[in-house]
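Working notes for the structure below.
Coordinate-derived values only; no laboratory data. Please read these numbers as outputs of a predicted model, since none were measured by experiment. In this analysis, Cβ positions are derived from the backbone assuming ideal geometry, glycine residues included, and neighbour counts consider all displayed protein chains.
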Amino acid sequence: TDFDLTYLFVSHDLSVIEFLCDRVVVMYAGKIVEIAETEALYLQPRHPYTEALISAAPNPDPDTKNRPRITLSGDVADVGNLPSGCAFHPRCQYAQERCRQETPMLAQVGGADGPARFSACHFAEQLELVGIAARVEEARHG
């Protein structure tokens with residue numbers, strides 16, 4: 001039954017969010033870095049922080065227990081003293097000089113063929129980030 005209700009559910013646990021939410025907003029250091037429909041976000045993240053969060057989400061499937069995980073180096077950004085440019089750049093494996101200099105704006109990414117999604121990454125359209133389906137496939141087939 002449709003009750004026309006909206007819930008705001010805040011969590012660091014993407015494995016729970018996957019089952020409770022239709023749309024996800026990912027934040028890093030107090031800034032929105034990605035907004036997408038849940039399935040689209042899990043299948044193809046458009047921000048490196050989202051990719052890292054997805055890789056860290058627990059998965060009870062015994063066939064995929066050893067799936068590859070992204071380990072972030074460095075410290076979480078200090079929200080009172082953010083680095084120049086993208087706040088995530090000191091921990092991002094894809095960071096380039098532009099990321100250190102220029103703060104990315106939250107912008108629409110992808111085609112117009114589906115629900116709007118947004119990313120605050122200079123390279124959201126070029127990076128081929130790995131979502132949950134690809135990680136499960138890697139774990140199953142080595």
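What the table shows:
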{"item": "Efficiency of FRET between residue 8 and residue 97 - r from beta-carbon atoms, R0 41 angstrom, step 0.05", "result": "0.65"}
{"item": "Calculated FRET value between residue 73 and residue 116, using beta carbons and R₀ = 22 Å, to 0.05", "result": "0.10"}
{"item": "Cβ-based charge dipole, segment 1-60, positive-most Cα from 5, 47, 17", "result": "47"}
{"item": "Computed E for residue 27/residue 82 - FRET, C-beta separation, R0 22 angstrom, nearest 0.05", "result": "0.95"}
